[in-house]
Amino acid sequence: MSVFAAKDARCIACEGSVDLTIEPREKDLGDFSVRRVLPAPARRMVGPFIFFDHMGPARFPAGKGINVRPHPHIGIATVTYLFEGQIMHRDSLGISQPIEAGAVNLMTAGRGIVHSERAGDDLDRESRLHGIQTWIALPEDKAEMAPAFSHHPAASLPQLAVEGTTVRIILGEAYGQRSPVPVYSPTLYLELRIPANSSVALPHNCAELAFYVVEGAVAVGEREFSGYTMAVAAPGNAIKIRAIRDTRVMVIGGEPVGERHIWWNFVAASRERIKTAGADWKAGRFDPVPGDDEFIPLPD
């Protein structure tokens with residue numbers, strides 16, 4: 001999905017085991033909204049996670065839906081995870097793959113890929129869309145790897161109960177189980193469904209860790225965090241969160257991969273590589289998406 005600046009996101013310093021909270025900037029895309037959480041002025045990345053978008057929840061009338069024209073990426077892997085709805089992914093590798101709630105689409109851009117995101121087979125009826133899209137910066141030795149795509153059905157992701165909380169492991173390893181989705185550096189990505197008044201300890205084997213409240217509210221000690229808030233853990237601190245009411249939380253983290261430069265849909269360790277990618281897109285040197293002749297032009 002195309003990026004927009006996060007310069008208006010608000011960051012608030014906290015005491016205790018939470019180092020920082022981030023309130024996202026909301027962007028109206030016409031038929032639905034996206035909340036950009038990362039990057040933020042005070043925190044650009046958490047582990048390898050360099051973008052974190054909360055899509056919806058949105059309700060579309062029949063004939064309407066997500067409609068993102070082909071656009072390029074370099075230097076990242078995108079992870080699309082839905083709570084509701086369907087998105088049809090098409091890319092320059094020739095992949096056409098719908099994604100539905102609970103499944104994972106992992107698209108590895110590497111040296112360059114082009115993809116579109118359109119409405120699924122629910123376009124002919126009223127539909128809903130709600131989910132998270134994250135971008136994960138590739139380590140430098142993988143930044144120019146061949147592009148790749150993999151789809152992982154919902155049933156393939158480990159799901160377990162931890163202290164009364166339902167945990168789905170999207171990426172990485174936690175609570176003794178590991179996701180089958182490939183990772184390129186130490187990475188953790190979880191969905192937690194926490195019943196009201198229950199508590200759960202987050203994994204603390206990550207160099208960097210944060211949680212995002214999709215819906216509901218939680219407390220860490222005496223501090224409360226409501227929906228659409230990301231809380232970044234203080235380095236080396238274990239976190240236990242308590243649900244004030246039924247709550248859905250996403251957990252992200254992992255090892256940092258180093259500084260990255262970002263412009264439009266391009267991520268790289270050097271500005272020169274981003275300039276090259278922009279020139280390549282403008283000149284038509286990226287492979288097209290078969291059967292989809294539209295495209296998003298290079299911004300000025």
**Asked** Can you find even one residue in the stretch 38-54 that is surrounded by fewer than 24 Cβ atoms within 10 Å (Cβ to Cβ) and within 21 Å of Asp287 (Cβ to Cβ)?
**Response** no
**Asked** Do you know which residues across the stretch 147-163 are more than 21 Å from Val289 (Cα to Cα), part of a strand (DSSP E or B) and under 17 Å from the mean Cα position of the chain (by Cα)?
**Response** His152
**Request:** Would you check which residues across the stretch 190-208 are out of contact with any Gly (no Cβ under 6 Å at 6 or more places or on another chain), under 26 Å from Gly258 (Cβ atoms) and either among the aliphatic types (A, V, I, L, M) or surrounded by 15 or more Cβ atoms within 10 Å (Cβ to Cβ) (or both) and list them?
**Result:** Leu190, Leu202, Pro203, Ala207
**Message:** For the list (1) part of a strand (DSSP E or B); (2) modelled with pLDDT of 80 or more; (3) not aromatic (Phe, Trp, Tyr), I need the number of the one condition that Cys11 fails.
**Reply:** (2)
**Message:** Can you say whether Leu138 is of a type in the set (A, V, I, L, M) and over 25 Å from Ala279 (Cα atoms), as far as the supplied structure shows?
**Reply:** no
**Item:** Checklist (1) in a strand (DSSP E or B); (2) charged (D, E, K, R); (3) at pLDDT below 95 applied to Arg90, failing item
**Value:** (3)
**Asked** Just one of Glu259, Glu224 is surrounded by fewer than 23 Cβ atoms within 10 Å (Cβ to Cβ) and under 23 Å from Ile136 (Cα atoms); which is it?
**Response** Glu259
**Item:** Pair list, Cβ under 8 Å, 6 or more apart: the stretch 161-180 residue surrounded by fewer than 16 Cβ atoms within 10 Å (Cβ to Cβ), other residue assigned to a strand (DSSP E or B) and not β-branched (Val, Ile, Thr)
**Value:** Glu163/Ser199; Glu163/Ala201; Thr166/Gln159; Thr166/Leu160; Thr166/Leu192; Thr166/Arg193; Gln177/Leu160; Pro180/His152
**Index of the failed condition, Phe295 passing every other in (1) surrounded by fewer than 17 Cβ atoms within 10 Å (Cβ to Cβ); (2) more than 18 Å from Arg43 (Cα to Cα)** = (1)
**Prompt:** Any idea which residue in the stretch 61-74 is surrounded by the fewest Cβ atoms within 10 Å (Cβ to Cβ), counting only those that are hydrophobic (A, V, I, L, M, F, W, C) and under 18 Å from the mean Cα position of the chain (by Cα)?
**Reply:** Val68
**Asked** Here are Ala5, Ala58, Ala77: which of them is among the small types (Gly, Ala, Ser), surrounded by fewer than 21 Cβ atoms within 10 Å (Cβ to Cβ) and either assigned to a strand (DSSP E or B) or modelled with pLDDT of 90 or more (or both)?
**Response** Ala58
**Message:** Among the residues in the stretch 250-263, are any over 22 Å from the mean Cα position of the chain (by Cα), assigned to a loop (DSSP other than H, G, I, E, B) and either modelled with pLDDT of 95 or more or closer than 16 Å to Asp91 by Cα (or both)?
**Reply:** no
**Request:** Please find, within the stretch 276-292, the residue that is nearest to Ile95 (Cα to Cα) out of those that are surrounded by 14 or more Cβ atoms within 10 Å (Cβ to Cβ) and free of Cβ contacts under 8 Å to residues at least 40 places away in the same chain.
**Result:** Gly278
**Message:** Scan the stretch 231-239 and tell me whether some residue there is in a loop (DSSP other than H, G, I, E, B) and among the polar types (S, T, N, Q).
**Reply:** yes
**Prompt:** In this structure, is Ile239 of a type outside the set (Phe, Trp, Tyr), within 26 Å of Ser185 (Cβ to Cβ) and at pLDDT below 95?
**Reply:** yes
**Prompt:** Does at least one position in the stretch 52-62 carry a residue that is among the small types (Gly, Ala, Ser) and within 29 Å of Met145 (Cβ to Cβ)?
**Reply:** no
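The values are calculated or read from the model by the stated rules, or taken from the named source; none is laboratory data. The structure presented is a predicted model; accordingly, all values stated were derived computationally and were not measured. Quick reminder, even Gly has a Cβ in these numbers, built from the backbone with ideal geometry, and neighbours come from all protein chains shown.
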